Amino acid sequence: MKTAVYALVTFALAMPHLAGAALEGVITFEKTVPAGMLVWVPGVTRAAVPPAVIDQKDKVFLPGVLAARPGTAVSMHNSDAIQHNAFASDKAATFDTGLNAPGSDTAVKVDWPAGTVVRLGCKIHPAMQVWIAALDTDAWIAPAVPAAGIKTVAFSLKDLPADAATAVVWTSKYGQVELTLKPGVEASGKLGPADRPAATVTATLKP
Amino acid sequence: MSFPLLRNGVVGVAALAALGHFFPLASDAPLASVSHASYVSPPAAGNTPADGSAPLIPGRIDSRLGVPDPATIDWPDGEAPAPALVELGRTLFFDQRLSENQQQSCATCHNPDLGFGDGQAKGMGTHGNRLGRNTPHLYNLAWSKALFWDGRATTLEEQALGPIQAKGEMGMDLPGLLVRLSTAPVYQQNFTAAFGTAGIDAPRIAAAIAAYERTIVSNHSAIDRYAQGDDHAMGPEARRGMALFVGKANCIACHSGPNFTDDSFHNLGLRDVDRGGAVIVAGALAEKAFKTPGLRNVALTGPYLHDGSETSLEGVVRFYNRGGDTPTPDALVRKLDLSDVEVADLVAFLGALTDPVATTRPAIP
């Protein structure tokens, strides 16, 4: 009996997350497409979340943008045959891992506030950069940067609660915008300065 | 055409290289065939740069190299700056008000007639004092993520105010500079035109100078024309040199990408005691490590290396050929076993990276 009640409660708690709604959207840039983009819906918990891992490979951080829960650690592996470094010099976080030897693993603790995105660089290879967002949600996606000259970026977040109320679209260059969601209704917002927006975001929560 | 004179009355290599007399840019074609005007775009399609230059032909040059495409510049505001901002930056760049005793402008050391350098082994301050490092050139810094030899600045805006304020360099205090500029009505007008609102402050000065510096783009050299399909752009010496560059000599291990730099730092094994990047990041690899300079227009930017210890490109190649002068933890610096002919071929290839950037000296208000 107890087991059945637990199962029922668990199912009930999970209901919103099994609703299967999807957020479909497009970012249309007037200015250059930034190197980092992230879209998230706050407050979504999923049963299985892949570990947060960054690879330093071919003098590039892979992936270029990711999110992790505040207080957790992101594992950083150096797949190159050369030394790397990871540092942040940001209002929200300041740290330096020193020199990361080839093949080594380094843990980066996400100890900055939820909703904050921190840029990490490599002092040995200044062109390398990665953004880590501290998010109280498992529903996020980092859209890939399109080929040069393409100014539209589509994104899709699936398995969302049917009553998801907000979504946030963040970029590394133009700040972020919060969208108010209503099922089946297109939400829109602007990125960048109000007098000269860098991009327009449109998104629809689809049942 | 005037020839810039170096010390001792020697005609600058810049002028000679620009004419193609020093480097065999096109051994089997008349000089006119390598000019921009006479170049005919090849029929094959490839990656089309947005600056109007001809398409690239896949396979013409090593895939780790390329032709700089201004469409890929990471503009601070996400778009190319307004002409008024660039012109303001150009004026500031050439204005001696920016130095304490009003004897130096940015262009004194980054002289367009000397490859945006000064032609000297080490830089010189506004009081005639010798500085500690060679003056870096400014070509194609629009793409750079590391400024200064030790990489302590990551943007041109951040870099621009450094030498202006540095004691021993231009030695100018920013409040004093703002007063100087504000007393010139033309500057007040030009700042307003550039930024849309009145006001002269340090971030605006930096933004303007950086906007001008991002226009110093070289991407029509012989290798660019060769990459775009012009078989006559590079002679056999330069082509052999290119093969060595990406092969036996392995220069490309550091001098990669469209601007021939990995934007990273290396200890080359110089005798110089300068600790370089070690003051920026701890660790053995950073000790005496300096930024890899881009090689675009390298024939114009001597003397070479962070200490200016090599006066010619041949000297630089021979330095690498002997594996440096002191032990270094950087495994990329090793004896190369290049023959004299191969050294000459590499120098010829470096000459094929030449595309002088003309800049107009503005009237100073």
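Is it the case that some residue within the stretch B:302-322 is in contact with a helix residue (DSSP H, G or I) (Cβ under 8 Å, 6 or more places away or on another chain) and closer than 30 Å to residue B:183 by Cβ?
No, every residue in the stretch B:302-322 fails to be in contact with a helix residue (DSSP H, G or I) (Cβ under 8 Å, 6 or more places away or on another chain) and closer than 30 Å to residue B:183 by Cβ.
Taking residue A:173 as the residue in question, decide whether it is closer than 27 Å to residue A:93 by Cα, touching a residue at least 24 places away in the same chain (Cβ under 8 Å) and over 14 Å from the mean Cα position of the chain (by Cα).
Spelling it out, residue A:173 is indeed closer than 27 Å to residue A:93 by Cα, touching a residue at least 24 places away in the same chain (Cβ under 8 Å) and over 14 Å from the mean Cα position of the chain (by Cα).
How many residues does the stretch B:148-157 contain that are within 17 Å of residue B:106 (Cα to Cα) and touching a Pro at 6+ places or on another chain (Cβ under 8 Å)?
4
Among the candidates A:152, A:166, A:137, which residue alone is of a type outside the set (A, V, I, L, M, F, W, C), closer than 25 Å to residue A:73 by Cα and touching a strand residue (DSSP E or B) at 6+ places or on another chain (Cβ under 7 Å)? Step through it out loud before you land on a result.
Numbers: A:152 fails: closer than 25 Å to residue A:73 by Cα; A:166 fails: closer than 25 Å to residue A:73 by Cα.
Result of the check over A:152, A:166, A:137: A:137.
Can you tell which of B:262, B:307 is touching a Ser or Thr at 6+ places or on another chain (Cβ under 6 Å) and either in a loop (DSSP other than H, G, I, E, B) or surrounded by fewer than 20 Cβ atoms within 10 Å (Cβ to Cβ) (or both)?
Values: B:307 fails: touching a Ser or Thr at 6+ places or on another chain (Cβ under 6 Å).
Just a single option satisfies the conditions, and that option is B:262.
When the residues of the stretch B:334-365 are narrowed to those that are out of contact with any Ser or Thr (no Cβ under 7 Å at 6 or more places or on another chain) and of a type in the set (Gly, Ala, Ser), which ends up farthest from residue B:89 (Cα to Cα)?
The extreme case among them is B:339.
Pick out, from the stretch A:155-207, the strands (runs of 3 or more DSSP E) lying fully within it that include 1 or more residues that are within 14 Å of another protein chain (Cβ to nearest Cβ), among the aliphatic types (A, V, I, L, M) and over 19 Å from residue A:42 (Cβ atoms).
Working: elements: A:166-171, A:175-180, A:186-191, A:199-206.
Those strands (runs of 3 or more DSSP E) span A:199-206.
Within the stretch A:26-37, can one find any residue that is of a type outside the set (Asp, Glu), more than 14 Å from chain B (Cβ to nearest Cβ) and surrounded by 19 or more Cβ atoms within 10 Å (Cβ to Cβ)?
Checked against the condition, which is being of a type outside the set (Asp, Glu), more than 14 Å from chain B (Cβ to nearest Cβ) and surrounded by 19 or more Cβ atoms within 10 Å (Cβ to Cβ), the stretch A:26-37 yields no hits at all.
With the condition kept exactly as written, say whether any residue in the stretch A:181-188 is at pLDDT below 95 and more than 26 Å from residue A:92 (Cα to Cα).
Among the residues of the stretch A:181-188, not one is at pLDDT below 95 and more than 26 Å from residue A:92 (Cα to Cα), which makes the answer no.
Mind checking which residues of the stretch B:187-206 are in a loop (DSSP other than H, G, I, E, B) and within 28 Å of the chain's Cα centre (by Cα)?
Selection gives B:201 alone.
Among the residues of the stretch B:137-154, which ones are part of a loop (DSSP other than H, G, I, E, B) and surrounded by fewer than 22 Cβ atoms within 10 Å (Cβ to Cβ)?
Across the stretch B:137-154, the qualifying residues are B:145, B:148, B:152, B:154.
The values are calculated or read from the model by the stated rules, or taken from the named source; none is laboratory data. Model, not experiment: these values are computed from the prediction. In this analysis, Cβ positions are derived from the backbone assuming ideal geometry, glycine residues included, and neighbour counts consider all displayed protein chains.
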